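Down below is the structure, laid out as structure tokens.
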Amino acid sequence: MIRSEQLFAEAQQLIPGGVNSPVRACRSVGTIPLFIASARDAYLHTADGKRLIDYVMSWGPMLLGHATPAVTQAVVEAAAKGTSFGAPCPGEVELAQAVVDAVPSVEMVRMVNSGTEATMSAVRLARGVTGRTKVVKFKGCYHGHADAFLAAAGSGLATLSIPGTPGVPAATVADTLLAPYNDLDAVADFFETHGDDIACVIVEPVAGNMGLVLPVEGFLEGLRGLCDKYEALLIFDEVITGFRLSYGGAQQRFGITPDLTCLGKIIGGGLPVGAYGGKRALMERVAPCGDVYQAGTLSGNPLAMAAGLATLRALRTADYAALEQRTKTLAEDIAAILRGKGLPVTLHHIASAFTLFFTEGPVTNFAQAAAADTELYTRFFQQMRAAGINLAPSAFECAFTSFAHTEEDYGKTLDAVRTAKF
Ligand SMILES: *Cc1c(COP(=O)(O)O)cnc(C)c1O
């Protein structure tokens with residue numbers, strides 16, 4: 001028995017499913033998780049003494065690579081000064097300034113501890129500001145695990161085939177209106193029927209939790225137009241896309257201005273951070289400035305702020321265009337090899353993210369993504385792991401590259417794809 005098997009057996013006695021977040025259990029790809037002892041650059045080092053080239057990158061946060069010296073040093077220095085104060089610290093002001101400078105629509109920002117908290121709080125604010133209750137959400141978009149979003153939520157829920165989840169009262173999701181991604185007409189219909197009750201539309205500007213699915217031409221612009229017409233708020237959930245699609249996120253790349261923006265993952269540089277922000281007039285409705293309550297004992301934590309700040313400082317001058325070009329080449333090469341083996345492949349890529357769907361496509365929404373062959377993905381995942389390549393343990397996720405991945409890593413990855421058998 002390898003060490004990961006021992007640890008997983010112990011973990012299953014102590015932690016539900018042996019994991020603290022379901023998809024890590026690797027059930028949908030028919031295997032068990034490898035326990036990670038350490039990580040550096042593009043590599044994971046397992047508790048079993050194996051090295052893997054990583055394309056999960058902690059599900060997104062590690063755009064600079066694992067254990068980047070500048071980030072590690074910032075965290076160590078901060079830790080030596082105390083790990084939590086329950087009072088404001090200078091790092092909060094610095095990170096807030098960095099976010100306001102980076103993200104076009106954000107004039108004020110509130111730090112929280114996860115993406116889940118960011119989206120949950122943004123929707124509360126939208127409801128508070130508009131005095132309306134309904135929320136439009138897209139099937140296959142994931143906005144964290146708050147009750148209101150756990151209807152057709154993609155990602156972990158997609159592979160577990162749970163339609164929503166027990167424990168969420170019907171009344172809580174009754175105000176969540178579900179539309180297919182990229183279907184502007186469905187949203188327009190909702191507004192025609194419920195226009196006076198819709199507080200907000202929340203969307204991943206590029207969907208990353210049903211695999212990578214890009215917005216079709218006019219979709220995001222159309223949402224902006226509908227929200228303006230009916231005086232509802234447009235919320236971009238940029239927990240994945242923020243600082244990844246460009247330094248200013250999807251909104252900068254596409255030139256569309258949401259009312260509220262949710263951030264997470266990269267903003268914490270691998271520590272637990274989320275944030276939501278927007279126009280000053282909206283954000284001033286948040287307590288104690290305004291009447292919409294939201295709080296957090298560890299929010300603005302000095303270690304997390306230091307990690308986020310060090311990450312953003314490095315990203316501000318990073319060559320996003322070069323990373324996008326390298327990622328595109330890698331993804332296209334992988335797709336070509338797999339097609340050469342006679343497999344149906346639809347490739348989506350943008351910036352430093354890509355997904356290979358084992359289907360002829362097209363894939364523009366969750367129903368089409370769900371039609372991809374998950375058996376083929378399982379075979380692909382298992383053989384890549386055996387060859388030292390770590391892909392996401394689910395067919396409905398992105399592969400992420402980082403500034404730490406080298407041409408040599410890509411070469412090894414392509415070799416592994418070439419030798420895979422289906
Ligand atoms: C990961 C994710 C979240 C939730 O963030 P957590 O930090 O896991 O709570 C929300 N929205 C999107 C788009 C995500 O990818």
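The values are calculated or read from the model by the stated rules, or taken from the named source; none is laboratory data. Small disclaimer: the values here were computed from a predicted structure and weren't measured. Neighbour counts are summed over all protein chains in view; Cβ atoms, including those assigned to glycine, are modelled from backbone coordinates with ideal geometry. For accessibility, only protein heavy atoms count, side chains too; no ligands or nucleic acids. Shrake-Rupley method; radii C 1.70, N 1.55, O 1.52, S 1.80 Å.
Got the relative contact order for the chain handy, in percent, Cα pairs under 8 Å and 6 or more residues apart? Worked out over the chain, it gives 23 percent. Excluding ligands, DNA and RNA, the accessible surface per residue across the range 69-316 is 39 Å² with a 1.4 Å probe. Quick one: work out the % antiparallel among DSSP beta bridges in the chain, nearest 5. Around 60 percent of the beta bridges assigned by DSSP in the chain are antiparallel ones. Accessible surface computed residue by residue for the range 331-417, with neighbouring protein chains in place and a 1.4 Å probe, gives 35 Å² per residue. Under the combined filter of DSSP loop state and at most 12 neighbouring Cβ atoms within 10 Å, the range 296-387 retains these GluC sites (Glu not before Pro): 360.
About its Cα centre, the chain has a charge dipole of approximately 860 debye under the convention of +1 per Lys or Arg Cβ and -1 per Asp or Glu Cβ, with nothing else charged. Among the protein heavy atoms of the range 45-88, carbon and sulfur supply 62% of the accessible surface, probe 1.4 Å, non-protein parts ignored.
With just the Cα atoms defining each centre, how far is the range 1-64 from the range 340-405? Give it in Å. The range 1-64 and the range 340-405 have Cα centres spaced 19 Å from each other. With a Förster radius of 25 Å applied to the C-beta separation of residue 85 and residue 37, the computed FRET efficiency comes to 0.20. Ranking 270, 88, 242 by Cα position along the charge dipole of the chain, where only Lys, Arg, Asp and Glu carry charges on their C-beta atoms, puts 270 farthest toward the positive end.
The heavy atoms of residue 130 present about 40 square angstrom of accessible area, all protein chains included, probe 1.4 Å. Protein heavy-atom surface of the range 159-310, 1.4 angstrom probe: 55% of the accessible area is carbon and sulfur, with nucleic acids and ligands not counted. Residue 320 sits with roughly 40 Å² accessible to a 1.4 Å probe, with DNA, RNA and ligands left out of the calculation.
Rounded to a whole number of µm²/s, how large is the Stokes-Einstein D of the range 69-316 at 37 °C and 0.692 mPa s, given Rh as the Kirkwood radius over C-alpha pairs? In µm²/s, the coefficient is 180. So which of 50/81; 137/279; 50/421; 137/421 end up more than 32 Å apart, counting from Cα to Cα? Result: 50/81; 137/421 exceed 32 Å. If you take the Cα centroid of the range 75-102 and the Cα centroid of the range 195-267, the two points sit 27 Å apart.
Taking R0 as 30 Å, what FRET efficiency do you get between residue 339 and residue 228 from their Cβ-Cβ distance, rounded to the nearest 0.05? E between residue 339 and residue 228, to the nearest 0.05, is 0.10.
Judged by the ratio a/c of the largest to the smallest principal axis of the C-alpha gyration tensor, the range 1-121 counts as prolate, that ratio being 1.5 or greater while a/b is larger than b/c.
Counting only whole DSSP H helices of the chain, the ones at least 20 Å long by C-alpha along their axis and with mean Kyte-Doolittle hydropathy no lower than 0.0 are 115-130, 302-316.
Summing +1 for each Lys or Arg and -1 for each Asp or Glu, what net charge is found among the other residues whose Cβ lies under 12 Å from the Cβ of residue 257? It works out to a net charge of -2.
Residue 21 contributes about 40 Å² of solvent-accessible surface, heavy atoms of the protein only, 1.4 Å probe.
If the segment from residue 280 to residue 133 were pulled out straight at 0.36 nm per residue, it would be longer than the present Cα-Cα gap by 50.7 nm. Rg of the Cα atoms in the chain, relative to 2.2 N^0.38 Å, amounts to 0.95. Each of residue 6 and residue 373 was given a label point 7 Å from its Cα along the Cα-to-Cβ line. The distance between the two points is 3.9 nm.
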